Amino acid sequence: MEIVVCVKQVPDTTEVKIDPATNTLIRQGVPSIVNPFDKNALEAALQLKEAYGGKVTVLSMGPPQAKDALKECLAMGADAAILISDRAFGGSDTLATSYTLASAIRKLGNCDIILFGKQAIDGDTAQVGPETAEHLGVAQVTYASRIEVSGDVARIERESEEGYEIIEVKLPAVVTVIKTLNYEPRYPSVKGTMKANRAEIPVWTAADLTVEEGRLGLKGSPTQVRNIFTPPRRVQGVIIARDTAREAVAELLQKLTEAKIV
Ligand SMILES: Cc1cc2nc3c(=O)[nH]c(=O)nc-3n(C[C@H](O)[C@H](O)[C@H](O)COP(=O)(O)OP(=O)(O)OC[C@H]3O[C@@H](n4cnc5c(N)ncnc54)[C@H](O)[C@@H]3O)c2cc1C
């Protein structure tokens, strides 16, 4: 079974800072990590390989330092890693990112299942997985909490706001995963880390992919970021603590009346 996992290197913080002049993320001085949901996707891939055999390849599109993220994935047990990196990819929005990832997946060929985290903790759009499926013209299942494979069919449990859905899809397919799939992805082993440190990670540039230049990077990105801001914190509410419900309700009614709500 050929399994591809797309991983993104993200800043190690959920409090991303934005450059007000360019409306882009400030990455300087913030340590980077593998996007946590992508580690759940990799753990799922490694478990699928253990159950059904095959190969796990991790792909990342990003600057040269994204190799560190790929090395961590190799240390966890991935068989191969490829960095997709080129100045031509700079300024990519999710459409251009997914187009580029899809081109790399096509170049790999014969992929049975392509795994993504449900979302990246910096961009947070959750668009890249589904958009990649559209570019590839394959089925997609999002928010997977369990994946089983039988022949060329995957049986996937997905979490929705109403509960769980069980979906069967014919492979190849794109699957985006949530944390409950495996909660604690494995740690890199010492042997794996040594192997990863020695590994040469191939870098694919735009010239290595079959792509239309106008669909890459800033040129291929229709998204316009007009403003990015942190919403003001909500002011703390009023806590009513009384010995009995009757007293609490009486005080609540008094406060609502004073505020002219009732
Ligand atoms: C106009 C514009 C310009 C931008 N310019 C830049 C830029 O110059 N440099 C820059 O770094 N970002 C840039 N970004 C941000 C970039 O588009 C997003 O970070 C990227 O498309 C992923 O979107 P996301 O973070 O919302 O990921 P999500 O869609 O939330 O990610 C879902 C999953 O997709 C996979 N994934 C996402 N991104 C990648 C990736 N790069 N490689 C492999 N797998 C991935 C992971 O599995 C992840 O869990 C720009 C965004 C916009 C709107």
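Yes/no matrix, rows are residues, columns are (1) among the β-branched types (Val, Ile, Thr); (2) within 12 Å of the ligand (Cβ to nearest atom); (3) modelled with pLDDT of 95 or more:
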residue: VAL5; (1), (2), (3): yes, yes, yes
residue: ARG27; (1), (2), (3): no, yes, no
residue: VAL30; (1), (2), (3): yes, no, no
residue: GLN47; (1), (2), (3): no, no, yes
residue: SER85; (1), (2), (3): no, yes, yes
residue: GLY91; (1), (2), (3): no, yes, no
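Among residues of segment 101-116 being assigned to a helix (DSSP H, G or I) and more than 8 Å from the ligand (Cβ to nearest atom), the one that is surrounded by the most Cβ atoms within 10 Å (Cβ to Cβ) is ALA102.
Of the residues GLY220, GLY237, the single one that is assigned to a loop (DSSP other than H, G, I, E, B), within 33 Å of the chain's Cα centre (by Cα) and among the small types (Gly, Ala, Ser) is GLY220. Taken together, the residues in segment 160-186 that are among the charged types (D, E, K, R), modelled with pLDDT of 95 or more and more than 21 Å from ALA102 (Cβ to Cβ) amount to 4. Could we say that LEU95 is part of a helix (DSSP H, G or I), over 14 Å from the mean Cα position of the chain (by Cα) and among the hydrophobic types (A, V, I, L, M, F, W, C) here? Against the criterion (part of a helix (DSSP H, G or I), over 14 Å from the mean Cα position of the chain (by Cα) and among the hydrophobic types (A, V, I, L, M, F, W, C)), LEU95 qualifies. With respect to the conditions (1) outside any loop (DSSP other than H, G, I, E, B); (2) within 9 Å of the ligand (Cβ to nearest atom); (3) touching a helix residue (DSSP H, G or I) at 6+ places or on another chain (Cβ under 7 Å), ALA41 lacks only one, and its number is (3). Residues that are more than 8 Å from the ligand (Cβ to nearest atom), touching a residue at least 60 places away in the same chain (Cβ under 8 Å) and either crowded, with 17+ Cβ neighbours inside 10 Å or within 27 Å of ALA104 (Cβ to Cβ) (or both) within segment 10-22 comprise PRO11, VAL16, listed in sequence order. Cβ-Cβ contacts under 8 Å between residues 6 or more apart (or on different chains), taken from a first residue in segment 194-209 that is surrounded by 17 or more Cβ atoms within 10 Å (Cβ to Cβ) to a second residue that is of a type in the set (Lys, Arg), are listed as ALA196/LYS71; ILE201/LYS67; ILE201/LYS71; TRP204/LYS107; LEU209/LYS107. Reported count of residues in segment 49-71, each being of a type in the set (Ser, Thr, Tyr) and more than 9 Å from the ligand (Cβ to nearest atom), is 2.
Any residue at all in segment 162-175 that is in contact (Cβ under 8 Å) with a residue 60 or more places away in the chain, within 13 Å of the ligand (Cβ to nearest atom) and assigned to a helix (DSSP H, G or I)? No, every residue in segment 162-175 fails to be in contact (Cβ under 8 Å) with a residue 60 or more places away in the chain, within 13 Å of the ligand (Cβ to nearest atom) and assigned to a helix (DSSP H, G or I).
The values are calculated or read from the model by the stated rules, or taken from the named source; none is laboratory data. Please read these numbers as outputs of a predicted model, since none were measured by experiment. Every residue, glycine among them, receives a Cβ derived from its backbone with ideal geometry; neighbour counts consider all protein chains shown.
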